[in-house]
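Would you mind keeping the following structure in view while I ask a few things?
The values are calculated or read from the model by the stated rules, or taken from the named source; none is laboratory data. Note that the coordinates shown come from a computational prediction; the quantities given were computed from them, not determined experimentally. Counting neighbours? That spans all protein chains shown, and the Cβs are built from the backbone with ideal geometry, glycine included. Ligands, DNA and RNA are excluded from the accessible area calculation, which covers all protein heavy atoms including side chains. Shrake-Rupley method; radii C 1.70, N 1.55, O 1.52, S 1.80 Å.
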There are 2 protein chains.
Amino acid sequence: MTDQRSSRQLTTTVLGADDLSTLLDRVGRHEVMDLMIRRLGDRFRQHDLDTVEVRARDGFRYEKPDLGLVEWMPTHETGGPVVVKMVGYHPTNPVQRGLPSVIATSSMWDTETGHLEAIADATLLTALRTGAASGVATALMAVDRPIDVGLVGLGAQAVTQLHAITRVRDVRRVIGFDSDAEVADTFRSRVAFLGVDVHVVPPDRAATIISDVDVLCTCTSVDIGAGPVISDGVTRPGLHVNAVGADFPGKVELPRSLVERATVIPDTREQCELEGECQQLDRAAVGPELFELIKAPDEGEGLRDRLTVFDSTGWAVEDDVALRLAVELARAHGIGNEVHLERLPTDPYDPYGPAVGVTPSR
Amino acid sequence: MTDQRSSRQLTTTVLGADDLSTLLDRVGRHEVMDLMIRRLGDRFRQHDLDTVEVRARDGFRYEKPDLGLVEWMPTHETGGPVVVKMVGYHPTNPVQRGLPSVIATSSMWDTETGHLEAIADATLLTALRTGAASGVATALMAVDRPIDVGLVGLGAQAVTQLHAITRVRDVRRVIGFDSDAEVADTFRSRVAFLGVDVHVVPPDRAATIISDVDVLCTCTSVDIGAGPVISDGVTRPGLHVNAVGADFPGKVELPRSLVERATVIPDTREQCELEGECQQLDRAAVGPELFELIKAPDEGEGLRDRLTVFDSTGWAVEDDVALRLAVELARAHGIGNEVHLERLPTDPYDPYGPAVGVTPSR
């Protein structure tokens, strides 16, 4: 009970499909990726277990009307917004419905008022932050000279993986393959904007690719139990692998022997042990988390000459960084719509009464 | 990997402040409340523990920048949408920010595609569904003749509580009080649309009100540990109480002696034992849940002559019903905006490429 008898109006920033396309065009792909890499690095460096809460990914899985799941990834940094990414994963979408298998939105709530501050498409943001996380890891752990890059899986993730890597290293040559011939054939056009030397090769290159690159990204949609997606073999000194595809118990992309002799850096240990490459390791063999490594830069430097794996399962903190950056850029460039979503009654004790900013319709 | 190379466009229905006001005006308050009561009853009657999942309310609580919480209440009925209500609770909002303490939105995801089908303000919907739930309980458990109604707490909830009760019983007379004099003074004008005989009395009526009514609603924002809000006493035969205010461990509105001799029907047992009037009872003394009672109508009839308490802490299934009804009504009346929120690339393998329905800006 209070003496305040009228509410002020609040608006929610909506960043939809058009807005994110505009943002990408107006700010520029490279600039957005560079900013995302820098912000992620800064955030990891400041990461503090006492002030950041990340709730375990949770959701509903079902088999009707078709196999799928809707899950939420909530996080909150003290003093900052509550950020929740909602992800729908419906593997039959592409073939049966002409839709991507993953459709996502991210929302943020102001923790002073509880007001929904912004909601945005998160499909592009997820691709960007996943690329940027590999960018951060690659900058830290890959050899520091012009590199050859291997790409296993040439779908959407491969585009932002390669993009991020080109922003932190000189890329001399790219070798990539995909089990889907049409995806393979069209890859070069999708990364033409990067101006790098891309060689798309047949999928049997899985047997030897490990030996011919300095940085490898695995970003496949391999089925549960069907991995690994490459063979082990002799590697160049200091090979760094970004393993991006595993995201489910039983799903792995790398040979166990490779993982066992590498220093494996999870994005977030608990999740990687459940659904990443770390499933193949004893708990004690898992290295520090990426943020821990960034906080101890000497340790990171030492890793450039060693075989390293970044086990990237996707972390809510990355989604937080991505959404906040997108909202910041959108506001700076006048992009997005302000929507009067929450209905706040003029008299807080009269739910049916007139609402703030709403003209009565009769 | 798939042969489908282009996405179809999806839109999200946004029901904002204006839309809910329009809906209320166009459909009519009574019609909306009647529909909500009927839909809730139908849904409870069909409720099936095998096909409905309700995730425990979870969220972030914090003390910076001010005391507050943002929490989520997810539910899913097999074959239906995933519905998540997000609630911000910031008790200093009214005095410090001119905002209601509770601000809420509800969203629903299509489980065929994972697409965000709708997002709506949930402030009005929550008031409506909380009223309607008491309507369902009152219809089932109150004496079936013209009744006298008592209201303890005359804030926003009291309006929809009384409204719902007038839709299921003839109300002869209303006696109500509030600890806040201004809230008390203005209550009659807020319920004038109901055309019932309302007597606002001083708060010391808390000592005796229990003896003078057939249906009592407690809907206060009593502090933790400060309850009960009324005294126990002799009650009329068949008194039914809707206890709506308790929503936090340690928060109760009713005297323990009253709760102990009543048949107490929780909306959802687990939550009521944690934060409702059921906190005052041994687990074994808690009655069936409201939906169980509705499934066994004979049992409900028997309760009309007995002292009953509906322990209403708010159930995600009620929010599901409320959102689906609002979306249905909005679509039927051409209310709301269709927003192109999710950015689906025309080529699902090209995250930077053109998006479905988006005209390239350069």
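Run the accessible area of the protein assembly as shown with a 1.4 Å probe and give the carbon-and-sulfur part as a rounded percent.
Here carbon and sulfur together make up 48 percent of the probe-accessible area.
Using Cα centres only, tell me the gap between segment B:314-362 and segment A:61-114 in whole Å.
Centre-to-centre (Cα) distance: 13 Å.
Could you tell me the total accessible area buried at the A-B interface, probe 1.4 Å, in square angstrom to the nearest hundred?
Its buried surface, counting both partners, is about 8300 Å².
Between copies, how far apart are the residue B:67 label points? List them in nm, one decimal, shortest first, with each point 7 Å from Cα toward Cβ, please?
Reported distances to equivalent positions: 4.9 nm.
Separate question: Given the options B:208, B:13, B:92, state which has the largest fluctuation in a GNM of chain B using a 10 Å cut-off (strictly under) for Cα springs.
Highest fluctuation of the listed residues: B:92.
If you don't mind, there's one more thing I want to ask. Counting only protein chains, not ligands or nucleic acids, how are A:220, B:308 ordered by accessible area (probe 1.4 Å), most first?
Order by accessible area, largest first: A:220, B:308.
With respect to the cross-link table entries A:64/B:295; A:64/A:251; B:85/B:251, which display a Cα-Cα separation exceeding 27 Å?
Where the Cα-Cα span goes over 27 Å, no listed pair is concerned, since all stay within it.
About its Cα centre, how strong a charge dipole does segment B:255-362 have in debye, to the nearest 20, once Lys and Arg get +1 and Asp and Glu get -1 at the Cβ?
320 debye
What's the center-to-center distance, using Cα atoms, between segment B:17-53 and segment A:235-288 in Å?
When both Cα centres are located, 49 Å separates them.
At a probe radius of 1.4 Å, what is the per-residue accessible area of residue B:294, in Å² to the nearest 10?
Near enough 10 Å² of accessible area.
Based on the inverse mean of 1/r over its pairs of different Cα atoms, what is the Kirkwood hydrodynamic radius of segment A:252-332, in Å?
13.8 Å
If you take the charge dipole of chain A about its Cα centre, with +1 on Lys and Arg Cβ and -1 on Asp and Glu Cβ, which of A:137, A:68, A:152 is farthest toward its positive end?
A:152
If you don't mind, another one. Compute the orientation-averaged projected area for segment A:118-224 from the convex hull of its Cα atoms and round it to one decimal in nm².
Result: 7.8 nm².
Another one. Determine the order of A:236, B:188 by accessible area, beginning with the largest, at a probe radius of 1.4 Å.
The ordering from most to least exposed comes out as B:188, A:236.
Right, another one. Extending each Cα 7 Å along its Cβ direction at residue A:346 and residue B:48, get the distance between those two points in nm, one decimal.
Modelled inter-label distance: 4.8 nm.
Can you tell which of B:238, B:12, B:321 lies farthest toward the positive end of the dipole of the protein assembly as shown, using +1 and -1 charges on the Cβ of basic and acidic side chains (Lys, Arg; Asp, Glu)?
Positive-end residue among those listed: B:12.
Mind telling me which of B:254, B:140, B:341 comes out most flexible in a GNM of chain B, alpha-carbon contacts under 10 Å?
Its mean-square fluctuation being the largest, the pick is B:341.
How large is the accessible surface per residue of segment B:235-362, computed with a 1.4 Å probe and reported in Å² as a whole number?
Spelled out: the 1.4 Å probe surface of segment B:235-362, per residue, equals 38 Å².
Still on this structure: Provide the gained length on full extension for the span residue A:64 to residue A:292, in nm with one decimal, where the gain is 0.36 nm per separating residue minus the Cα-Cα distance.
Roughly 77.9 nm would be gained on extension.
Any idea what Rg and Dmax come out to for segment B:203-362 if you just take the C-alpha atoms, in Å?
23.5, 77
In chain A, which helices (entire DSSP H runs) extend 18 Å or more along their own long axis, judged by Cα positions, while averaging at least 1.0 on the Kyte-Doolittle scale?
Going by DSSP H runs, the hits are A:123-141.
Given a 10 angstrom Cα cut-off, can you work out which residue in B:81, B:351, B:266 is the most mobile in a GNM of chain B?
B:351
In Å², and per residue, what accessible area does segment A:8-53 have when probed at 1.4 Å with the other protein chains present?
Heavy-atom SASA per residue in segment A:8-53 reads 44 Å².
Just to confirm the numbers: residue B:192, label point 7 angstrom along the Cα-Cβ line, distances to the other copies in nm, shortest first?
Shortest to longest, the spacings are 6.9 nm.
Next question. If you average 1/r across every pair of different Cα atoms in chain B and take the reciprocal, what Kirkwood value do you get, in Å?
21.7 Å
I've got another one for you. Per residue of segment B:81-86, what does 6.51 cos²θ - 1.76 cosθ + 1.60 with θ = phi - 60° give for ³J(HN,Hα)? Whole Hz please, x for Gly and Pro, Karplus curve as stated.
Going residue by residue, I get x, 7, 10, 10, 9, 10 Hz, with x marking Gly and Pro.
Report, in deg cm²/dmol and to the nearest 500, the calculated mean residue ellipticity at 222 nm for chain B, where each DSSP H run with n ≥ 4 adds -39500 (n - 2.57) and the sum is divided by the residue count.
-10000 deg cm²/dmol
At q = 0.10 Å⁻¹, what is the log10 ratio I(q)/I(0) for the protein assembly as shown, with the Debye formula run over Cα points and no solvent?
Values, matching the q order: -0.95.
Students often get this wrong: which residues of segment A:61-103 have the backbone nitrogen under 17 Å from the point 7 angstrom along Cα-to-C-beta of residue B:331?
Of the residues in segment A:61-103, A:65 have backbone N under 17 Å from the label point off residue B:331.
I would also like to ask the following. Placing unit charges on C-beta atoms (Lys and Arg positive, Asp and Glu negative, everything else neutral), compute the dipole magnitude of the protein assembly as shown about its Cα centre in debye, rounded to 20.
1020 debye
Of B:335, B:356, B:217, which is farthest on the positive side of the dipole of chain B, counting Cα position, with +1 on Lys and Arg Cβ, -1 on Asp and Glu Cβ, and the Cα centre as origin?
Of the listed residues, the answer is B:335.
Turning to a different aspect of this structure: Name the residues whose placed amide hydrogens come within less than 5 Å of the amide hydrogen of residue A:117, ignoring near sequence neighbours (fewer than 5 apart) on the same chain.
It is A:108, A:109, A:110, by chain and number.
Once the label point is placed 7 Å from Cα along Cβ, list for residue B:28 the distances to the corresponding points in the other copies, in nm, shortest first.
6.2
Work through the residues other than residue B:170 whose Cβ is under 13 Å from its Cβ and net out their charges, Lys, Arg +1 and Asp, Glu -1.
+1
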